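Worksheet for the structure shown next.
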Amino acid sequence: MSVRERRSDRYPRVCRFLRRKYKQVFCFITISGAIAAIFPGCSPFYVLRAAYEEGKILWRREPITDFVDKKDVQGDTQEKLKLVLDVRQYARDVLKFNVGGSYSSYSQVDRPDLTYIVMAAPKTELRPYTWWFLIIGNVPYKGFFSREEADAEIARLKAQGYDTTLRTSAAFSTLGWFDDPLLSHLLRYDKAILSEIVFHELFHNTLYVKGQGAFNESSANFVGHRAAIDFFRARFGADSQEYARAVQIWNDEREFGHFIDELASTLGDLYRRKIPLEDKMRLREEVFARSKEEWQRRIADRPNHSFRGFGRRPLNNAVLMHYMVYLKDLDLFESLYEACSQDLGRTIESLRKAVDKGGDPFEAVRKWLDQHRQQTAAMRISSALSFRASWR
């Protein structure tokens, strides 16, 4: 082979390399621009770090249909990958979610914890500290890809006198801006939890009310669990272990939600009392201690309860706000589900219509339910009067 031939053979490889690098740079610029638009108040370093980490996730994507057939993929993993595709199809075709290309691909994550979520609250108020972002509005948490950055934010908030909490998150939604992949570490969860997570995150793509963090998370929590229950019943039947597991997890969520409501009511009464700050702080610690003891007593004979660890972890207002954000008014959504004849598709459509006019979304759902009850009662009276008239 001549020198010229060797050189000409090298050109296609160089072109492919340059095209690949161009795509990487273009992808990074696009992601940086999108994140800068969503988080305009954040430092350039925060935006660049988020763009870099999101870019890695998106760049590593490969179709699940290709990945699932690889020889080194274990049987249990294959089942979960196929399950995710089925969940995605159910969300798209039955529940009419805005699925797009999300959860049709798989991405390997190279660390055990994906993101670090910071939350904060005043020491004598059950009110979350919020961060403001341009497109999504006020949110009661902020995510970091770096533990050091999250710790720095915690230190800043503590210096201002706030209670704080730090937790990790296994998944997040880009709200349809990108086609979110299935992240590798989600496969460590059982089928019921995995399905709930996918439904939860896909629902964020479908309905997201700007500046209403508690509504967005609690409604997605409700929909994620209810969708998992309906999905497993349709696929495996009401006698299956998968269905029973999904029902158990949802019952645990609702039970713990009721408990948190009770605790929040007790603390709210305390915080409204006109007593010295030192007394409030001492009394709240007593309330925290009693609440953990009470919860352990309630679930003493249920070692597999989803929230069995509550009594063993440190407690403050920020920790409570995490629970209150994700568990707020779950029974309200259950009432809507019952009003829609336990049809989750109808429930989601009614939910969308209820919040479409703006205002407090929780109050909008309550108003929808009140109107529905009034209409139902009027129809029953009208039907009874018609029956009586025809009988005569």
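For this structure, a couple of remarks:
- Sequence of 195, 350, 102 once ranked by neighbouring C-beta atoms within 10 Å, starting from the fewest: 350, 102, 195
- Between residue 74 and residue 98, the contour length at 0.36 nm per residue exceeds the alpha carbon distance by 5.6 nm.
- Counted charge near residue 302, where neighbours are those whose Cβ lies closer than 12 Å (Asp, Glu -1; Lys, Arg +1): 0
- Extension gain from residue 360 to residue 184, taking 0.36 nm per residue of separation minus the Cα-Cα distance: 59.7 nm
- The Rg/Rh ratio of the stretch 75-182, with both radii computed over alpha carbons and Rh defined as the Kirkwood radius, is 1.07.
- Here the alpha carbons of the stretch 158-245 define both size measures, Rg and Dmax, at 15.6, 53 Å.
- Net charge in the neighbourhood of residue 105 (other residues with Cβ under 13 Å of its Cβ; Lys, Arg +1, Asp, Glu -1) is -1.
- Ranked list, fewest to most other Cβ atoms within 10 Å of each Cβ, for 288, 236: 236, 288
- Order of 305, 200, 225 under a 10 Å beta carbon neighbour criterion, fewest first: 305, 200, 225
- Between residue 376 and residue 266, the contour length at 0.36 nm per residue exceeds the alpha carbon distance by 36.0 nm.
Where a number appears in this text, it was derived from the coordinates with a stated rule and is not lab data. Small disclaimer: the values here were computed from a predicted structure and weren't measured. Heads up, the Cβs are rebuilt from the backbone with ideal geometry, glycines too, and the neighbour counts pull from every protein chain shown.
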